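Written below as structure tokens is the structure these notes are about.
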Amino acid sequence: MKEDILNQVCDGLDMLYEDTSIPRNIRRGAEEIKTLLLKEGDPLDVRIATATSKLDELANDPNIPLHGRTLIWNIMSRLEELAELA
């Protein structure tokens with residue numbers, strides 16, 4: 001169950017990273033967040049909290065298009081579900 005949600009989060013981050021209509025700094029941030037989430041050395045709850053915080057910063061970027069912001073909110077929602085299971 002946890003792995004499924006984590007895979008969905010990573011897929012969402014990949015979608016964000018591959019969308020060329022999203023500014024480069026936000027796409028780069030999505031890739032960094034994915035790397036952070038997949039880093040096995042840190043506890044899962046710490047990775048989720050850090051990723052959520054970074055995603056919130058990206059969502060508040062004034063240059064992000066509406067569909068990108070919506071995708072980030074969906075990813076954050078999935079991370080909250082994952083946090084409840086962790």
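The values are calculated or read from the model by the stated rules, or taken from the named source; none is laboratory data. Note that the structure is a prediction, hence the values are computed from the model and not measured. Backbone-built Cβ (ideal geometry, glycine too); neighbour counts: all protein chains shown.
Summary of values
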read-out	value
Any hit, region 53-61, residues being under 15 Å from Cys10 (Cα atoms), of a type in the set (Gly, Ala, Ser) and modelled with pLDDT of 95 or more	no
Verdict on Asp42 being touching a Pro at 6+ places or on another chain (Cβ under 8 Å) and surrounded by 11 or more Cβ atoms within 10 Å (Cβ to Cβ)	no
Cβ-Cβ under 7 Å pairs, at least 6 apart or on other chains, region 73-85 side more than 16 Å from Leu36 (Cα to Cα), far side among the charged types (D, E, K, R) and in a helix (DSSP H, G or I)	Leu85/Lys2
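Yes/no matrix, rows are residues, columns are (1) out of contact with any helix residue (DSSP H, G or I) (no Cβ under 8 Å at 6 or more places or on another chain); (2) within 26 Å of Leu66 (Cβ to Cβ); (3) in contact (Cβ under 8 Å) with a residue 24 or more places away in the chain:
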residue	(1), (2), (3)
Asp14	no, yes, no
Tyr17	no, yes, no
Gly29	no, yes, yes
Lys34	no, yes, yes
Leu37	no, yes, yes
Glu40	yes, no, no
